[in-house]
Every structure is written in structure tokens, then in C-alpha cells.
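The values are calculated or read from the model by the stated rules, or taken from the named source; none is laboratory data. Quick caveat: nothing in here was measured; it's all calculated off a predicted structure. Because the Cβ atoms are built from the backbone with ideal geometry, glycine has one as well, and the counts that use them run over all protein chains shown. Accessible surface is based on the protein model in full, side chains and every heavy atom, while ligands, DNA and RNA are left aside. Shrake-Rupley method; radii C 1.70, N 1.55, O 1.52, S 1.80 Å.
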Amino acid sequence: MFTLVRRVRRVAALCALGAALTACGGGAGTPAAPHPAPARPAPAASAPPRLAPGPAGLTPVFMNGPRTPDKTVALTFDADMTADQGPRAAAGEHFDNPALIATLRALKVPATVFMTGRWADEYPAEARDIGQDPLFEVGNHSYSHYAFTGDCYGLPTVDADRMRADVEQAYTSIRRAGVPRPMPYFRFPGGCYDQPALRALSGLGVTAVQWDVVSGDAFATDADAVARQVLDGVKSGSVVVMHCTRSAAPTTERVVRAVVPKLRERGYRLVKVSELIGQAARHD
């Protein structure tokens with residue numbers, strides 16, 4: 001009995017002395033499990049590159065990357081759908097292009113898709129599929145696809161006091177569709193903008209993204225002619241504008257299949273717009 005008491009006292013003393021190194025709950029002398037290392041917080045995702053605001057805080061405009069020996073080119077695709085085209089979609093007109101997205105994946109082409117909010121509302125599953133694929137990045141192409149200036153290819157015009165809200169509404173629709181991180185890049189419908197439009201978007205933190213190579217795929221029926229126009233126009237740092245809508249740009253998937261191997265043969269590396277903007281920001 002006395003032996004048992006002495007043994008219990010000895011165990012208690014050892015536990016008090018070595019509480020940081022031994023565990024008392026599992027029996028005398030049982031080594032403690034090592035304390036887990038403190039969990040490190042996940043590194044914060046780096047902010048996408050963007051250009052500094054222009055004079056008086058105007059929204060900056062990006063046309064192309066630096067013309068460096070590092071031959072890079074960004075293929076961009078506008079997922080257009082104007083706010084009043086719902087009845088046409090309901091009647092069977094296709095404003096999406098799944099075959100194009102599948103070809104970009106098959107060819108492992110990074111790309112930037114500028115998506116209207118109305119398109120994201122109409123095709124939320126496709127918007128989510130594009131936006132969650134690391135091969136792609138999603139920019140903002142307005143909600144309504146109404147022009148931000150007058151006389152822009154016959155597009156309806158968004159009121160000046162609605163321009164900022166139109167862009168914000170597009171981001172809301174894109175996120176609601178399941179795109180987790182839409183980029184702070186905005187493409188004006190039709191590429192049409194002026195100083196009042198740039199001023200209207202000041203403070204949103206977006207970079208307006210234009211292009212220096214017009215593919216000519218909109219309403220084109222000759223894929224070879226569109227491909228030649230792209231290949232003839234591309235330089236290092238170029239941004240190529242194409243479309244991601246079957247009804248308005250039926251040849252684009254064939255153009256991509258023709259153009260991408262040729263660009264790679266010429267030594268071009270295909271990148272997203274964000275990489276070109278990052279290069280431009282470093283060269284400023």
C-alpha cells in the first residue's frame with residue numbers, strides 16, 4: 001500500500017516537473033505528443049496588376065504590352081450579349097461558344113474573356129466554368145453592352161449617370177454566376193470611349209483594356225481571312241480582340257485552331273492580359 005502511494009506521488013511530481021514535455025493522462029512516463037506547429041495563415045492572393053490612373057484620376061487605358069524581344073501576345077474574347085437580347089436567346093439564338101472554350105483548353109491557350117453581366121445571367125454555368133479555370137481570367141464588358149459614347153456601331157447608349165452603375169452591376173452578375181475573382185479590367189462595348197466615359201469610371205479601380213489587333217471575326221464567314229488578318233497584325237505585346245458568341249462570330253473557333261500553332265511556330269508565347277499589364281506597369 002505504501003509502495004503504491006509512493007509511486008503515485010512520484011508520478012505526480014514527474015508530471016508537475018515535466019508538464020511541457022510529458023503527458024500525465026496516459027499513464028506514468030508516457031511521452032507527450034509533440035505540440036503541432038502554429039498554423040501559418042495562407043498567403044494573401046496578390047492583387048492583379050493594373051495601370052495607375054491618368055491625369056486628374058481618369059481611368060487608365062491599356063492598348064498593348066511593351067514591344068520587347070520576349071514575344072508575347074494575348075488573345076482576348078468578348079462574351080457579348082446586349083441587355084435587350086433575351087427574347088432572341090429564348091428563341092434559340094446562341095450567344096455562347098462552348099466549342100471555342102474547349103479548343104482553347106485543348107490547345108492550352110491562356111486567354112482573357114471580357115464578359116457582359118447580361119451574358120453571365122444567361123449562361124451562369126458557362127461563366128462559372130470559365131471563371132474557375134486557371135487557364136482563363138474574366139474581365140468586365142459592362143452589364144448591358146450599351147455604348148458609353150454616341151454613334152458606336154449602332155449600339156444603344158447608356159446614360160452618363162448610369163455608366164458606373166452599369167459596370168458595378170456587371171461585376172455583381174459575374175460574381176453571382178460563380179466567378180470568384182473577376183479581374184479589375186474593363187472593356188468598353190464596341191471599344192468606344194471618350195474623356196467623359198473615362199471620368200465616369202474614375203474611382204472604380206479598373207484599367208480599360210483596348211487592343212492593337214482587330215481580328216475581324218465579328219460576323220465574318222471566311223475563317224482563313226480572319227486568321228491572316230490576325231497573323232499579319234500581331235507584334236510582341238499585342239492584344240488581339242475576338243468574340244465568344246456563336247451567332248455573331250461563327251468562325252472564331254476555326255480561327256483559333258489556325259492561328260495558335262502559327263503564332264507558336266513564330267516564337268510567340270500566349271499569355272493573359274494581366275501579364276501584359278504587369279509588364280507595362282514595370283516599364284513605366
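If you wrap a convex hull around the C-alpha atoms of region 93-134 and split its volume per residue, what is the figure in Å³? Mind showing how you got there, number by number?
Values: hull volume 2.9 nm³, N = 42.
It comes to 69 Å³ per residue, whole-number rounded.
Round to the nearest 0.05 the FRET efficiency obtained for A258 and T172 when R0 = 45 Å and r is the Cβ-Cβ distance.
Numbers: r = 37 Å, r/R0 = 0.82.
Computed FRET efficiency for A258 and T172 comes out at 0.75.
Quick one: with all protein chains in place, what share of the accessible area of region 108-174 is carbon or sulfur, to the nearest percent (1.4 Å probe)? If you can, show how the numbers build up before the last one.
Values: 1300 of 2660 Å².
Whole-percent figure for carbon plus sulfur exposure: 49.
For L204 paired with A99, estimate the spin-label separation in nm (one decimal), with each label point 7 Å from Cα along the Cα-to-Cβ line.
3.3
Using only the alpha carbons of region 62-193, determine the length spanned along each of the three principal axes and report them from longest to shortest in whole angstroms.
Principal extents (largest minus smallest coordinate, Cα): 42, 34, 25 Å.
What distance in nm separates the simple spin-label points at D222 and K71, each placed 7 Å from Cα in the Cβ direction?
Using points 7 Å along Cα→Cβ, the separation is 2.6 nm.
Any idea what Rg and Dmax come out to for region 178-284 if you just take the C-alpha atoms, in Å?
Both quantities, over Cα of region 178-284: 15.5, 43 Å.
For labels at V214 and K108 in the simple 7 Å Cα→Cβ model, what's the distance in nm?
For V214 paired with K108, the spin-label model returns 3.5 nm.
For a paramagnetic label modelled at 7 Å from the Cα of A281 toward its Cβ, which residues of region 170-199 fall within the zone defined by backbone nitrogen distances under 14 Å?
Of the residues in region 170-199, 183-186 have backbone N under 14 Å from the label point off A281.
FRET efficiency for D161 and A56, Cβ-Cβ distance as r, R0 = 30 Å, nearest 0.05? Intermediate results must be reported in sequence, preceding the final value.
Details: r = 19 Å, r/R0 = 0.64.
The pair D161/A56 has a calculated efficiency of 0.95.
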